[in-house]
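Novice: One structure, as structure tokens, below. Some questions next.
The values are calculated or read from the model by the stated rules, or taken from the named source; none is laboratory data. Just so you know, these numbers come straight off a predicted model, no measurement behind them. FYI the Cβ positions are ideal-geometry reconstructions off the backbone, even for glycines, and counts take in every protein chain you see. Just the protein is used for accessible areas: all its heavy atoms, side chains included, with ligands, DNA and RNA removed. Shrake-Rupley method; radii C 1.70, N 1.55, O 1.52, S 1.80 Å.
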Amino acid sequence: MPYQKNKDFHKLLEKVNRCFENDLPFSIYRKPLESQVIGVFQSNDELNSTTNFEEKGFVFAPFDLKDNATLIHADEVVEVPFSIEDVSDNHEVSTTDLGKDHHLELVKKGINEINTGALKKVVLSRKIVVKLSRSPEEIFNTLLKRYPNAFCYLFFHPKIGVWCGATPETLVRIKDEVLHTMSLAATLPIQENSVPNWGSKEIDEQKMVSDYVKEKLVNNLIELDMGKAESVRAGNLWHLKSDIKGKLPATTGIKNIINSLHPTPAVCGIPSLQAKDFILKNEDYQRTFYTGFLGELNLKKEREANLFVNLRCMEISNGNASVFVGGGITSASNPESEWSETQNKSKTMLNII
């Protein structure tokens, strides 16, 4: 890309590099379909957290909220334009079958649990560790170019580490007492010049998620409008998505909404408490911030939030990238198909590395 056109963005990356050198926390990000990159910078290395979600800054929360949600204080906020001019570095990577047997057994265990009636759905995931040959700034730059429809971010705190990603899923957006969220479920690989052919498993899974989100929110909102399910594209994958909108009463705080929605059925399962318990006991790694949430918190005005589910992400540490992928398991799931789905999802991040 021509340097001149994005020179402010390059200055932002230089600031990011200084933060890495001086162990100062920050997050830089671009919201879906926008042409500005925003940076939230903290002036010291303190590890701040939020439990009531009334503070101002950038929140980075784990899958299990028993672990505190980290907050980067907005000591400095920078906004710069970013234009996409070159996506020619797109290339396909090959995947391996490393870990396949373990994941197949995990999926079978999940199906068995569903068949007992204890669960309706559970989202099971795995971690892939690969060597890294690019800097976090280069990876973020590529994410911006490759995934304009996603929330793309690069996060750093010296006491947590480096994370980046391009997530397609909104947790919640609240502005002027109006709430927006979505139910996102089902996955199919994109085939050029064709529309997705959704089967009953995918359609039922998406409806299950929509019904569950509606049930969780209906008592917190004055009005609730559920949109119809539509096919949406995220990288090299199709998903089914329903937009959800409602009016937030003055008595309902952001914390109430987060507690109602997180973790979503799209990353945890139904019922959420039982699914979460199954995940924590049976996945062979700790998710930490994968399938948590992140984004702006009261940055411009009180009672405003723009939060996204931390999907399609990686953790960068010691020259390695840990990529996380998962899928929704129902009674209609096939273990081999679920493995293939995680393979397809892994390419979103592996293609960047």
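Novice: Taking just the alpha carbons, could you work out the radius of gyration and Dmax for the stretch 127-253, both in angstroms?
Specialist: Values for the stretch 127-253 (Cα only, Rg and Dmax): 17.7, 50 Å.
Novice: Given the -39500 (n - 2.57) contribution per DSSP H run of 4+ residues, what per-residue ellipticity at 222 nm results for the chain, rounded to the nearest 500 deg cm²/dmol?
Specialist: Mean residue ellipticity, 222 nm, calculated: -8500 deg cm²/dmol.
Novice: Please work out the FRET efficiency for the pair K109 and V129, using the Cβ-Cβ distance as r and a Förster radius of 35 Å; give the result to the nearest 0.05.
Specialist: 0.95
Novice: Using Cα centres only, tell me the gap between the stretch 272-324 and the stretch 1-65 in whole Å.
Specialist: 16 Å
Novice: Loop-only trypsin sites (Lys or Arg not before Pro) in the stretch 186-250, please: DSSP not H, G, I, E or B, and at most 11 other Cβ atoms within 10 Å.
Specialist: Values: sites: K201, K207, K214, K216, K228, R233, K241, K245, K247; in loops: K228.
In loop regions of the stretch 186-250 (DSSP not H, G, I, E or B), the sparsely surrounded trypsin sites (Lys or Arg not before Pro) are K228.
Novice: Checking the cross-link filter: which lysines have an alpha carbon closer than 22 Å to that of K7, excluding same-chain neighbours under 8 positions apart?
Specialist: Straight-line reach from K7, under 22 Å: K15, K31, K145.
Novice: Please give, to one decimal in nm, the separation of the simple spin-label points placed at K281 and E336, each 7 Å out from Cα toward the Cβ.
Specialist: For K281 paired with E336, the spin-label model returns 3.0 nm.
Novice: Related question: Determine ³J(HN,Hα), in whole Hz, for all residues of the stretch 157-173 in sequence, where each value follows from phi through the Karplus function 6.51 cos²θ - 1.76 cosθ + 1.60 and θ = phi - 60°; x replaces Gly and Pro.
Specialist: 9, x, 9, 10, x, 10, 10, 8, x, 9, 9, x, 10, 7, 7, 6, 10
Novice: Could you pull out every residue, at least 5 positions away or on a different chain, whose amide H is within less than 5 Å of the one on I160? Hs are placed 1.01 Å off N in the peptide plane, and Pro or chain starts have none.
Specialist: Residues meeting the amide H criterion: none.
Novice: Stokes-Einstein diffusion coefficient for the stretch 226-353 at 25 °C in a medium of 0.890 mPa s, Rh from the Kirkwood formula over Cα pairs: what value in µm²/s?
Specialist: So the translational diffusion coefficient is about 144 µm²/s.
Novice: Using only the Cα atoms, what convex hull volume per residue in Å³ does the stretch 3-137 have?
Specialist: Taking the convex hull of the Cα positions in the stretch 3-137, it is 197 Å³ per residue.
Novice: Please give the charge dipole size of the chain, origin at the Cα centre, charges +1 on K and R Cβ atoms and -1 on D and E Cβ atoms. Round to the nearest 20 debye.
Specialist: So the magnitude is around 320 debye.
Novice: Could I ask something else about it? Identify the GluC sites (Glu not before Pro) of the stretch 5-55 meeting these criteria: DSSP loop state and at most 16 other C-beta atoms within 10 Å of the C-beta.
Specialist: Listed in order of number, the matching sites are E34, E46, E54, E55.
Novice: Rg/Rh for the stretch 1-80: what does it come to with C-alpha atoms and Rh from Kirkwood?
Specialist: When Rh is taken as the Kirkwood radius, the ratio is 1.03.
Novice: Choose one of A266, G292, I329: the residue whose Cα lies farthest towards the positive end of the charge dipole of the stretch 183-329 (beta-carbon charges +1 Lys, Arg; -1 Asp, Glu; about the Cα centre).
Specialist: My answer, from the dipole projection, is G292.
Novice: Something else: For the stretch 162-226, what relative contact order do you get, as a whole percent, if you take Cα pairs closer than 8 Å and at least 6 residues apart?
Specialist: Details: 35 pairs, mean separation 14.5, N = 65.
Across the stretch 162-226, relative contact order equals 22 percent.
Novice: While we're here: Can you give the accessible area per residue of the chain, in Å², using a 1.4 Å probe?
Specialist: For the chain, the per-residue accessible area is 45 Å².
Novice: Using a Cα-Cα cut-off of under 19 Å, which aspartates and glutamates could be cross-linked to K109, ignoring same-chain neighbours fewer than 8 residues away?
Specialist: Of all the aspartates and glutamates, those that pass the test against K109 - Cα under 19 Å, at least 8 places apart if same chain - are D101, E205, D277, E283, D284, E336, E338, E341.
Novice: From zero outward in steps of 5 Å, how is the percent of C-alpha pairs of the stretch 280-349 spread across the bins?
Specialist: Each 5 Å bin holds this share of Cα pairs: 3, 13, 16, 20, 18, 12, 9, 6, 2, 0.
Novice: Can you tell me the mean projection area, over all orientations, of the convex hull of the stretch 198-278's alpha carbons? Units nm², please. Provide the component values of the computation, followed by the final result.
Specialist: Details: hull surface 25.3 nm².
Reported value for the Cα convex hull: 6.3 nm².
Novice: Now a separate question. Determine the share of the chain's accessible area contributed by carbon and sulfur atoms, expressed in whole percent, with a 1.4 angstrom probe.
Specialist: Taking all protein chains in place, the chain shows 46 percent carbon and sulfur surface.
Novice: Mind checking the full-extension length gain between N44 and L65? Use 0.36 nm per residue of separation minus the Cα-Cα distance, one decimal, nm. Walk me through the numbers before you get to the answer.
Specialist: Details: separation 21, 0.36 × 21 = 7.56 nm, distance 2.42 nm.
The span from N44 to L65 would gain 5.1 nm if fully extended.
Novice: Still on this model: Please go through the residue pairs K127/K255; K121/K345; K216/K276; K214/K247; K120/K245; K11/K131 and name each one whose alpha carbons sit more than 21 Å apart in this structure. Provide the component values of the computation, followed by the final result.
Specialist: Details: K127/K255 30 Å; K121/K345 19 Å; K216/K276 16 Å; K214/K247 13 Å; K120/K245 25 Å; K11/K131 28 Å.
With Cα atoms farther than 21 Å apart: K127/K255; K120/K245; K11/K131.
Novice: Compute the distribution of all C-alpha to C-alpha distances in the chain, in bins of 10 Å from 0, and list the percent of pairs in each, rounded to whole numbers.
Specialist: P(r) over the chain, rounded to whole percents: 5, 25, 35, 25, 8, 0, 0.
Novice: Would you work out if the stretch 189-228 is rounded, prolate or oblate? Take a ≥ b ≥ c from the square roots of the eigenvalues of the alpha-carbon gyration tensor; rounded if a/c is under 1.5, else prolate when a/b is larger than b/c, oblate otherwise.
Specialist: prolate
Novice: Take every Cα pair under 8 Å in the stretch 279-351 that's 6+ residues apart, average their separations, divide by the length, and report that relative contact order as a whole percent.
Specialist: 22 percent
Novice: Additional query: Based on the Cβ-Cβ distance of E192 and E138, what FRET efficiency does E = 1/(1 + (r/R0)^6) give at R0 = 25 Å, to the nearest 0.05? It would help to have the intermediate numbers written out before the result.
Specialist: On the way: r = 28 Å, r/R0 = 1.11.
Result of the calculation: an efficiency of 0.35.
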